[in-house]
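Read through the structure below, which is laid out as structure tokens, and then see the notes.
The values are calculated or read from the model by the stated rules, or taken from the named source; none is laboratory data. All values derive from a computational prediction rather than experimental measurement. A quick note on method: Cβ atoms are made from the backbone with ideal geometry, for glycine too, and the neighbour counts reach across all protein chains shown. To get the accessible areas, we keep the full protein, side chains included, count just its heavy atoms, and leave off ligands, DNA and RNA. Shrake-Rupley method; radii C 1.70, N 1.55, O 1.52, S 1.80 Å.
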Amino acid sequence: MPSKLDSLNRWVDDVAKKTRPDRVHWCDGSDAEYRQLVDGMLKTDELIELNQKTHPRCYLHRSDPKDVARVEKLTVICTRNKDDAGPNNNWMDPAEANAKIDALFDGCMQGRTMYVIPYCMGPLGSPLSRCGVEITDSPYVAANMRIMTRMGTAALERIEREGRFIKAQHSIGQLDPERRWIMHFPEELTIKSFGSGYGGNALLGKKCHALRIGSWQARSEGWLAEHMLIVGIENPKHEIHYIAAAFPSSCGKTNLAMLIPPEGYRREGWKIWTVGDDICWMRPGKDGRLYAINPEAGYFGVAPGTSNKTNPNALAMLQRDTIFTNVAVTDDNQPWWEGLDDRKPAKDWQGRDYDPANGPAAHPNSRFTVRANQCPSWSPEAENDLGVPIDAIIFGGRRASRVPLVFEARDWTHGVLVGASMASETTAAATGKVGVIRRDPMAMKPFCGYNYGDYFAHWLSFDQPDAKLPKVFHVNWFRKGKDGKFLWPGFGDNMRVLEWMLKRVAGEVDAIETPIGNLPRVDDLNLEGLRLDDAAIDELFRVDNTEWRSEQADIGEYLAGYGSHLPDRLKAEHQRIADALDAEAEPAAAPARAAAAS
Ligand code: GTP
Ligand code: SPV
Ligand code: MN
């Protein structure tokens, strides 16, 4: 009898014939297998044992110094029709792309073991989950996939039941930046990645599957695949409200997902539950609300800046069973990074004796990989097959000026425009210049697997008569004062902004209407215990008409780049706000124009 695994077996055979590994190993996902992977890597120095007394079963991986971040210019969407990929993506014809990358795969696994990794993105029994199989010649990738996904026998059983999975083919090749591609074939449900061992380029379940291919599938199946954290906020009445938030890479998702509320809040009984820190799959439930799952089972988080002050939950979970990548070490071999504490590093991320002249000790994009349930604030709801209902969606970016701490969209259409208008300073999570402002709609610029114009239309399509959609907000934790310092304390104190949002959701407070959206009355935001002077508060909430007219013009130009794919509804919404800003600037001119039109 033909098995539903036949197509999988055939594909694995084909890849093995092409890449010619010495051995093929099917991963079962067991503890013993993980141990063997680690032991093997300790022998080859792919992993270095850290201080086992302070950090049991923690290891350090040092990447090739030219392979430390996502490479967006080598990340490609290959669709038959170029327009389907959109101006937001690099595009290549599928036949040309396959030929290019297959040539690199030819014989590339000689002398190596080929790992076959069946994985499930999302709870094993959830109808929202989707499976894939990654083939790789990197034991580091196999070990990280064990932490980041539900990997092994159980996933293989689901694949056998369903008969469908994403084919994800990976080789580190020679780690040569000149021979590197991360290619996606959404029409073939295939990913091919060559020449990099770094997280987002190599752990193919994450950005490649869960976002680029995921967003493509989500569009045709009526759901959303988003670069969002999911967090539960428990109030003193023990009600838990869930919020999903999209911030660009290295802009605060992990931190918000596991924040510890300020002392006063904790005393009242407020509590935070972490469902996810990077990816969110959402779909409307029968009751019209959006239900979300975290497709991942682990966190691949940014190390620098993580400390007992900023993110104590993260620090607690990193004390054991963690793989660190490109951090520094202290003289007693403990992991260390900038912002952790006052100790001095002994060796930098490349294993050199630490010398400040060489730059930071830990790479700015150094990371940790850790199982999700090791986080003290981990929510058991992360295992709920039905997902959690979302009450609010937050968009946010890293903006030193212009953008206030928080504002609320008037309705769904405005919310979609707020998401589509996002911009943020670039970070070390991708190669290239850091600190340059770029448009990053819904924090999906590097991850949306199809034309952004169509993606905005897909977002708008959730606005149905029976839908009970979340409220949409925008935040900016990163506005700076004249002294160049952040105005807002951030981290745990972001709880204060979340509380205001929940009050808005419950209809308990009103807000100040402005052309760009609704801002909090300062009295409705709990600022107790913060040392913020009036000038700082004014600056945090300032909406400057001249600056925003210029911002709005820039957004308009950006959106126009999507041409006929840009939904008219979004264009009209943009125009409405531009007009409101103009009217605010010249209050006398507005009625005159209205009169002229009539
Ligand atoms: P990816 O994993 O790349 O998607 O990043 P992320 O969005 O999860 O960002 P993360 O929470 O790891 O934060 C990135 C950096 O921003 C870290 O160095 C944090 O310390 C810093 N950060 C996070 N939240 C805040 C905040 O509220 N205020 C300030 N000033 N910095 C923050
Ligand atoms: C990001 O860059 O948004 C990350 C890390 O979360 S990666 O897995 O490389 O995408
Ligand atoms: Mn991310």
Check your understanding: Which longest run of the chain has no exposed loop site in it, a site being GluC sites (Glu not before Pro) in a DSSP loop with at most 14 other beta carbons within 10 Å, and the site itself not part of the run?
Key -> 240-507
Study note, to complete from the structure: In whole angstrom, the spacing between the Cα centers of the stretch 417-459 and the stretch 127-180 equals 26
Check your understanding: For the stretch 1-80, which trypsin sites (Lys or Arg not before Pro) are both in a DSSP coil and crowded by at most 16 other Cβ atoms within 10 Å?
Key -> K4, K53, R57, K66, R80
**Study point:** Count of lysine pairs in the stretch 238-382 with Cα separation under 20 Å (8 or more residues apart, or interchain)
**Key:** 4
Exercise for review: Find out how many positive minus negative residues lie around K53, taking Lys and Arg as positive, Asp and Glu as negative, among other residues whose Cβ is under 13 Å from that of K53.
Suggested key: 0
Revision key, fill the gap. Rounded to the nearest 5, the percent of antiparallel DSSP beta bridges in the chain equals 65
Practice item. Filter the trypsin sites (Lys or Arg not before Pro) in the stretch 327-369 to those in DSSP coil with at most 16 other Cβ atoms within 10 Å of their Cβ, and list the result. Key: R343, R352
**Study point:** Charge context of H209, other residues only, Cβ under 12 angstrom, K/R +1, D/E -1
**Key:** +3
Review point. Which whole-number percent gives the relative contact order of the stretch 298-374, counting Cα pairs below 8 Å spaced six or more residues apart?
Key: 43
Practice item. For n ≥ 4 DSSP H runs only, could you compute -39500 (n - 2.57) per run for the chain, divide by its residues and tell me the 222 nm figure to the nearest 500? Key: -8500 deg cm²/dmol
Point to revise | Estimated inter-spin distance, R10 and A506, nm [label 7 Å along Cα→Cβ] | key: 5.8
Check your understanding: Once the Cα atoms of helix 568-585 and of the chain are each reduced to a long axis, what angle between those two axes, in degrees from 0 to 90 to the nearest 10, is obtained?
Key -> 40
Practice item. Using DSSP to define loop residues, name the trypsin sites (Lys or Arg not before Pro) in the stretch 439-487 whose beta-carbon has at most 14 other beta-carbon atoms within 10 Å. Key: K468, K482, K485
Review point. Given a 1.4 Å probe and every protein chain left where it sits, what share in percent of the accessible area of the chain is carbon and sulfur?
Key: 50
Point to revise | Euclidean distance of C-alpha centroids, the stretch 235-256 and the stretch 34-58, integer Å | key: 33
Study note, to complete from the structure: With the stretch 179-236 reduced to its Cα atoms and the Debye formula applied, log10 I(q)/I(0) at q = 0.12, 0.20, 0.21, 0.26 1/Å amounts to -0.37, -0.76, -0.81, -1.05
